[in-house]
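*Asks:* Below: one structure in structure tokens.
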Amino acid sequence: MRATSGQPTPPLFTWEFATDPYPTYAWLRTHSPVHRTTLPSGVEAWLVTRYADARQALADPRLSKNPAHHDEPAHAKGKTGIPGERKAELMTHLLNIDPPDHTRLRRLVSKAFTPRRVAAFAPRVQELTDRLIDGFADRGSADLIHEFAFPLPIYAICDLLGVPAEDQDDFRDWAGMMIRHGGGPRGGVARSVKKMRGYLAELIHRKRETLGPESADDDLISGLIRASDHGEHLTENEAAAMAFILLFAGFETTVNLIGNGTYSLLRNPEQRALLQESLAAGRTDLLETGVEELLRYDGPVELATWRFATEAVTIGGQEVAEGDPVLVVLAAADRDPDRFDGPDVLDLSRRDNQHLGYGHGIHYCLGAPLARIEAQTALATLLRRLPDLQLAGDPSDLRWRGGLIMRGLRTLPVEFGRPTN
């Protein structure tokens, strides 16, 4: 499709585009900032690429999260959401609903997913991080995606939810299916979603039956069951859907944040050296701003999840018709030179950094504090314990997963010398 400038649009959604989408996004910001395209799934949607337009769209109540507002053609059925979630009991989660239901559910979930609970979980994240590094540290090489970035968040969120240790490898297998095939054949993904959702429903039912007023269980699922507001509680279906989406949305974003972040540091040795010096001096300020910059520079979520116009709406001067799908391109907005100085430069000390990596408005990511703790712990520990970490092989040999929403490496082979403790 040609842009409004009359120039042909650079190819979208190719393997070359997946490797480095940023030049194409720069072209779109200049020539077609709100761009209608046909996605690989066959769905037609608008891509919003400028920061100001993206921020407006993320908070616009006329852009609904509920797929019911999209009059899907037959060839697009089931392609604007998570595979396997079309049943009503799966749809009741924060990514797919609008106020007032969203307001009620978020308020209830926030009573369980508290900053105190996340902060108290930090030592467990450190324990998991060290255990995973112990598994490959003496070998001198590793694939940091499969051996580190992937298992860390899946085990962490399972622990936080209260999934028994003996069941967590099943979750790793189901999550692995989603990671491997998120952009490809949907059957295996749908089956994994069904198994994960069924297990969570059963676990919540068991916990609800045994959770009494004197129970000491302090996991997140128990917190979801206890959560109440003016006498109102989450139903079992709502609690299961919320546990599912916290797991589903929480693990792959963190996999990509750790993987993309480590790769960015390896490709920017001056910035990596500054961070190592800061950590060696016992300071965490550059680590904290650095993770925010890594979220902006090459974040884990390339496009925000689906939105659907409930009425005709104008975005960036472009009229979007009622029912049209809208995808906010976070990766493009976060490199907009009208908002960020030197947007294509990694600057870990960047202060004015109101990136959109975790969204904006009422759908701002509820799990952002946990992801930040995981990323800060993972990166700091890698740089401390494996100080001479380096990429093994040519960067041009790396492949990126071609999923529509997420952006992450398939593998990240590294090598290193003798670890420090």
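Every number in this text was worked out from the coordinates using simple rules, so none of it is lab data. Since the structure is predicted, the reported quantities are computational estimates derived from the model, not experimental observations. Here the Cβ positions follow ideal geometry from the backbone for every residue, glycine too, while neighbour counts run over all protein chains shown.
*Asks:* Out of every Cα pair in segment 232-296, what percent are spaced more than 14 Å from each other?
*Replies:* Within segment 232-296, distances greater than 14 Å cover 68 percent of Cα pairs.
*Asks:* If you don't mind, another one. Compute the normalised compactness of segment 360-401: alpha-carbon radius of gyration over 2.2 N^0.38 Å, N being the residue count.
*Replies:* Scaled against compact globular proteins, the figure is 1.70.
*Asks:* May I ask you to order 323-335, 196-208, 233-245 by the average number of other C-beta atoms within 10 Å around their residues, highest value first?
*Replies:* Most protected by this proxy first, the peptides run 323-335, 233-245, 196-208.
*Asks:* Still on this model: Provide, in order from the shortest bin, the percent of all Cα-Cα pairs of the chain in each 20 Å bin, continuing until the bin that contains the maximum pair distance.
*Replies:* The distribution over the chain is 26, 59, 15, 0, given as percents.
*Asks:* Normalised by the residues of segment 15-415, what does the relative contact order come to in percent, with Cα pairs under 8 Å and at least six apart?
*Replies:* It rounds to 27 percent for segment 15-415.
*Asks:* Next question. Please give the charge dipole size of the chain, origin at the Cα centre, charges +1 on K and R Cβ atoms and -1 on D and E Cβ atoms. Round to the nearest 20 debye.
*Replies:* Dipole size: approximately 420 debye.
*Asks:* Taking +1 at the Cβ of each Lys and Arg and -1 at the Cβ of each Asp and Glu, which of 121, 148, 309 sits farthest along the dipole of the chain towards its positive end, judged by Cα position relative to the Cα centre?
*Replies:* Positive-most Cα among the choices belongs to 309.
*Asks:* Simple spin-label model, 7 Å along Cα-to-Cβ: residue 341 to residue 130 in nm?
*Replies:* Distance between label points: 4.0 nm.
*Asks:* From the helices alone, meaning DSSP H stretches of at least four residues, give me the mean residue ellipticity at 222 nm for the chain, per-run term -39500 (n - 2.57), in deg cm²/dmol to the nearest 500.
*Replies:* Rounded to the nearest 500, it is -14500 deg cm²/dmol.
*Asks:* Just in segment 346-421: which trypsin sites (Lys or Arg not before Pro) are loop by DSSP and have at most 10 other Cβ atoms within 10 Å?
*Replies:* Loop-located and lightly packed - 351.
*Asks:* For the chain: lysine pairs with Cα atoms under 24 Å, gap of 8 or more or different chains, count?
*Replies:* 17
*Asks:* Positive end of the charge dipole of segment 15-415 (Lys, Arg +1 and Asp, Glu -1 on Cβ, about the Cα centre): tell me which of 35, 158, 409 has its Cα farthest that way.
*Replies:* Farthest towards the positive end: 35.
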